Every structure is written in C-alpha cells, then in structure tokens.
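Written out below as structure tokens is the structure these notes cover.
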Amino acid sequence: MADGQLRIGALYPNEMNIYADRGNIAVLTARCRWRGIEATVTALGLGDEIDSDAFDLFYLGGGQDDDQRRCAEDLVAVKKEALTAASQRGAVLLGVCGGYQLFGHWYELEDERIEGLGLLDVETVRAPGARLIGNIAIELDGGDGDPGGILAGFENHGGRTLLRPGATPLGRVLKGHGNDGSSGFEGCRSAHTIGTYLHGPLLPANAWFADWLIQMAVGEAQSLPQLDDDLEELAHADALKAAGL
Ligand code: GLN
C-alpha cells in the first residue's frame, strides 16, 4: 500500500466484463478521488505478468464460458504466483461471478475441468438444470470483521458453487439463488479475498460495500470521510426493491 493511493489491478477487463462489471472499477476510483485518494487502474490482460506488490486491490469480473476458459489458462500459467502472494499479504481481491468461480479450485463443465487459482476453498460444477438468474439480495452477518449489511444485485450463472468444509460464505441469501440454488449461502470470503455472484454491477448499488473494500485495501490508518450518498442510497433501495425486499 502506498500513502493516499489505491492501486487497482483490473484483470482481463476486455474478456471478463459482462453486465457492465467494469462499473465496479468506476465506483472504486470515484469514491477514492472524492476523498482525495489517488486511484490508478492498470489493465492486466492475457499474457501480462504481475508485480504482486504493485497493487492494493485486484478485480476480476464475470464472463462467458469461452472467455473464462482462455483467462483461466492465463491466470494459472502467468498470474497465479503473484495473485497468491498478493492475497496472502492482505491485498484485496474481488471476483464477480465468472471471476469468483476462477478464484476457486475449478469450474467443471461436462467432461472438462477448468482449473482456477484455489484462493477460495470452493469448487464450481455445471449441474443440469436451468441457469440461476434473477435479482438477488444477501445479508452479511457482521462476523470476521465484515461490516454487516445487505447487498443487492443480479445473478446469472450456470455454475453451482460448493463451499468445502470450513470455507466461509460471504452472506446468507434473502432473495434469489446464491451459490448453488439450495444451500442458502452466497459467495465466499477468505480474509481479504472475496467472491460473489452479484452483478448489477455490484458496487454502484452497494456503496457501503465499496467503502469496506477500499478501507481494507488502503489500510485502517487512512480515514474515509463520509460522502454525500443520497443517489447511492436511492440506487441501493431500487436494487433491494427489484429483489423483492
Ligand atoms: N460462465 C459462468 C457461468 O455461467 C459465469 C457467468 C457470469 O459471469 N455471469 O456459470
């Protein structure tokens, strides 16, 4: 972490960016700049090597299976070591949907297994049955240092993600499908590494969650003054209403 700075590494912004997932980056940078914190965004694409210490927060959005396959190969071959080191030293890693799946051990489709990073103790399988689609709301319980609160968004995934014993879900499903449509859990979290199925994009409708990520990434010593969040609160209320809350 550098003083007064948030250095964001945007993984595969061209391939892994469905449902306007790059809006998440826009929220992170805006909320930093509004507070006088310099935010830089570096695209980390196919073939790019990563200096693990050069970033405070890595972001990986969602994608179609084909794009996911190409990125997964590159993640494991080129970026795994640096991202594992970053996760271990406490950098924030946020993965959404396809990105979440690739933070886990693997994503299995019929007779194919796409290897992931193994940063989260989860595995994803493409079980028969309809895709899990719709508006979703989940509740974070305030345990393990999370601030507690409700996240609202939109999910669309064929993969079902199973948490291995001992893995911590990000939240409890209030409305929607979540990890696998039946466990009642959504997402996974291991220290500062977080995976979730919530698109929307996630952060414009859940500014409190963006601030939590920023705080973890820049460190507790950096104060994050309150912002005028009238519009963000309306966006949050709208997403909650869409999910039926
Ligand atoms: N391709 C993955 C799935 O369908 C992830 C989709 C996504 O990122 N929305 O499960």
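The values are calculated or read from the model by the stated rules, or taken from the named source; none is laboratory data. What you are looking at is a predicted structure, and each value in this text was computed from that prediction instead of being measured. Cβ coordinates were reconstructed from backbone atoms using ideal geometry, including for glycine residues, and neighbour counts include every protein chain displayed. These accessible areas exclude ligands, DNA and RNA; they are computed on the full protein's heavy atoms, side chains included. Shrake-Rupley method; radii C 1.70, N 1.55, O 1.52, S 1.80 Å.
List, please: which pairs have Cβ atoms under 6 Å, are six or more places apart or on different chains, and start with a residue in the range 58-82 that is among the charged types (D, E, K, R) and end with one that is part of a loop (DSSP other than H, G, I, E, B) and open to solvent by 60 Å² or more (accessible area, probe 1.4 Å)?
D74/L46
Cβ-Cβ under 6 Å, sequence separation 6+ or interchain: first residue in the range 206-221 and under 17 Å from A239 (Cβ atoms), partner open to solvent by 10 Å² or more (accessible area, probe 1.4 Å) and in a helix (DSSP H, G or I). Which pairs?
Sorted first by the residue in the range 206-221, then by its partner, the pairs are A207/E232; A210/V27.
Can you find a residue in the range 115-128 that is in contact with a His (Cβ under 7 Å, 6 or more places away or on another chain), free of Cβ contacts under 8 Å to residues at least 40 places away in the same chain, within 16 Å of the ligand (Cβ to nearest atom) and open to solvent by 50 Å² or more (accessible area, probe 1.4 Å)?
No, the range 115-128 has no match at all.
Please list, ordered by first then second residue, the pairs with beta carbon atoms under 6 Å, 6 or more apart or interchain, first in the range 131-147 and more than 21 Å from G159 (Cα to Cα), second at pLDDT below 95 and away from the ligand (no atom under 16 Å from the Cβ).
Filtered contacts from the range 131-147: L140/D146.
Would you check which residues across the range 15-30 are within 14 Å of the ligand (Cβ to nearest atom) and polar (S, T, N, Q) and list them?
Scanning the range 15-30 gives N17, N24.
Kindly indicate whether any position in the range 153-167 is under 21 Å from L28 (Cβ atoms), modelled with pLDDT of 95 or more and part of a helix (DSSP H, G or I).
no
Taking into account only those residues within the range 53-66 that are part of a helix (DSSP H, G or I) and modelled with pLDDT of 95 or more, which is most open to solvent (accessible area, probe 1.4 Å)?
Ranking the qualifying residues of the range 53-66, first place goes to D53.
Can you say whether T168 is touching a Lys or Arg at 6+ places or on another chain (Cβ under 7 Å), of a type in the set (S, T, Y), open to solvent by less than 10 Å² (accessible area, probe 1.4 Å) and within 29 Å of V76 (Cβ to Cβ), as far as the supplied structure shows?
No, not satisfied.
Out of the range 206-239, which residues are crowded, with 23+ Cβ neighbours inside 10 Å and either over 14 Å from the mean Cα position of the chain (by Cα) or assigned to a loop (DSSP other than H, G, I, E, B) (or both)?
N206, V218, A239
Within the range 100-109, is even one residue more than 13 Å from the ligand (Cβ to nearest atom) and open to solvent by 10 Å² or more (accessible area, probe 1.4 Å)?
Yes, some residue in the range 100-109 is more than 13 Å from the ligand (Cβ to nearest atom) and open to solvent by 10 Å² or more (accessible area, probe 1.4 Å).
Does I150 fit the bill of being open to solvent by 20 Å² or more (accessible area, probe 1.4 Å) and of a type in the set (V, I, T)?
yes
Here is a check on your reading of the model: is G200 touching a residue at least 40 places away in the same chain (Cβ under 8 Å) and either away from the ligand (no atom under 16 Å from the Cβ) or out of contact with any Asp or Glu (no Cβ under 8 Å at 6 or more places or on another chain) (or both)?
Yes.
Given the options A86, A30, name the one that is within 23 Å of A210 (Cα to Cα) and either surrounded by fewer than 22 Cβ atoms within 10 Å (Cβ to Cβ) or over 18 Å from the mean Cα position of the chain (by Cα) (or both).
Just a single option satisfies the conditions, and that option is A30.
Given the criterion of a type in the set (A, V, I, L, M) and more than 18 Å from L162 (Cβ to Cβ), identify the matching residue among A127, A91.
None of the other options fit; the residue is A91.
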